[in-house]
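To start, the structure under review is shown below, and the notes come after it.
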Amino acid sequence: MSDKKIRVAIAGVGNCASALIQGIYYYKDKQDLEASGIMHEEIGGYKPWDIEIVAAWDIDARKVGFDVSQAIFAQPNCTTVFKRDVPHMGVKVRMGKVLDGYPEHMKNYPPENAFVLADAKEDSLETVVKVLIESKADVLVNYVPVGAEKAARFYAQACLEAGVSFINCMPTFIVSDDEWAKKFEEAGIPVIGDDIKSQVGATITHRVLTQLLLERGVKVDRTYQLNVGGNTDFLNMLERSRLETKKKSKTEAVTSLIPYGIDPRNVHIGPSDYVPWLKDKKLAFIRIEGRLFGDVPMNIELRLEVEDSPNSAGVAIDAIRCAKLAQDRGIGGPLYSISAYTMKHPPIQYKDYQARQMVEEFIAGIRER
């Protein structure tokens, strides 16, 4: 068993954090057995169970002030519980900086479905930096809500000042923004982002099908991807003004593969509706229309059903270990390979099979980043 640890802080103790933390202990119990469901059992000597949570922030009254082991199961979290007996960690969830992280329309929904804003004193930037330093965090994982642009940048800035790696799982463009990327590179801090792809989710499935058609000579004319779910992510995204970067991220993840112009009116990709009883279940409906030999039309229709947050955690657990591996090697700035493999809007888009090969080369030490 490895004695090396990765000390992780989390901003946003929602469903994704719950699945990730459950997974750490789930695989710790299964380490001597066949461990299904993970892409890499080991990265740079680190196993999934070598991750430990040392700090956490949220803004919900049912989580702030509670141990992380309790908070991950508190409402409105609704993901599948596959590891109930998560041990007490001695790490209390701190009150985060609200900024734009609380969508006002959530006040109109039952508390079991929505955020309940805590009235505790918010941590200042200086306090967050202090906590990151004192907890000796290696990595901070950003899980603040979609549309919380200011909040995401708040935690990115805290990481810059504390010397902590930043993994941006949300669609605020930070790692793919040249100005931010330069700041992290100059500070010698590895960063991964933006907007996490699921292990087998709508984006990766849509990309693979699109790439298949292109490689077989099919001319892609139009496509859509409609996503429906019942967690707070989908409730949050009912406020369409919060969707701009999310929609752009998901759309460009697919259209970046197409080597010719496609009319924007012929592409529709994004969250479509909120169905509370689906909870953390996500349904994706994908259609691609194209032309075969002789311009004869064809189409693909697909329905994908997944549990949203464990699907994300299976990818985050690799990103965390790659960030720590980069730290160990003294590499700072955007990690292009793991970002392209795990994120929808990385600094540089690659085809998925290329990104996977690049990640293997990075882990092996053949590729710097």
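Below, the figures for the structure above:
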read-out: Evaluation of SER69 against (1) open to solvent by less than 60 Å² (accessible area, probe 1.4 Å); (2) under 23 Å from PHE234 (Cβ atoms) (one fails), failing number; value: (2)
read-out: Of the criteria (1) open to solvent by 50 Å² or more (accessible area, probe 1.4 Å); (2) in contact (Cβ under 8 Å) with a residue 60 or more places away in the chain; (3) farther than 16 Å from ALA9 by Cα, which one LYS136 fails; value: (3)
read-out: Odd one out for SER309, checked against (1) hydroxyl-bearing (Ser, Thr, Tyr); (2) closer than 28 Å to HIS40 by Cα; (3) open to solvent by 20 Å² or more (accessible area, probe 1.4 Å); value: (3)
read-out: Conditions (1) more than 21 Å from MET39 (Cα to Cα); (2) open to solvent by 20 Å² or more (accessible area, probe 1.4 Å); number of the one not met by GLN199; value: (1)
read-out: Top-ranked residue of segment 84-107 - restricted to ones that are more than 18 Å from ILE10 (Cα to Cα) and surrounded by 18 or more Cβ atoms within 10 Å (Cβ to Cβ), ranked as modelled with the lowest pLDDT; value: PRO103
read-out: Helices (runs of 4 or more DSSP H) enclosed by segment 282-369 - at least 2 residues per element that are out of contact with any helix residue (DSSP H, G or I) (no Cβ under 8 Å at 6 or more places or on another chain) and more than 17 Å from ALA181 (Cβ to Cβ); value: 308-328, 352-364
read-out: Selection count where residues are part of a helix (DSSP H, G or I) and out of contact with any strand residue (DSSP E or B) (no Cβ under 6 Å at 6 or more places or on another chain), scope segment 228-253; value: 14
read-out: Residue check, LYS344 of a type in the set (Lys, Arg), under 24 Å from VAL208 (Cα atoms) and crowded, with 23+ Cβ neighbours inside 10 Å; value: yes
read-out: Residue in segment 150-163 that is within 24 Å of PRO310 (Cβ to Cβ), in contact with a Ser or Thr (Cβ under 9 Å, 6 or more places away or on another chain) and part of a loop (DSSP other than H, G, I, E, B) present; value: no
read-out: Check on ALA158, in contact (Cβ under 8 Å) with a residue 12 or more places away in the chain, surrounded by fewer than 18 Cβ atoms within 10 Å (Cβ to Cβ) and of a type in the set (A, V, I, L, M, F, W, C); value: no
read-out: Only listed residue being charged (D, E, K, R), within 27 Å of GLU112 (Cα to Cα) and modelled with pLDDT under 95, chosen from GLU244, GLU252; value: GLU244
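The values are calculated or read from the model by the stated rules, or taken from the named source; none is laboratory data. Bear in mind that the values here come from a model prediction, so they are computed numbers and not experimental data. Here the Cβ is made from the backbone with ideal geometry for all residues, glycine too, and neighbour counts use every protein chain on show. Ligands, DNA and RNA are excluded from the accessible area calculation, which covers all protein heavy atoms including side chains. Shrake-Rupley method; radii C 1.70, N 1.55, O 1.52, S 1.80 Å.
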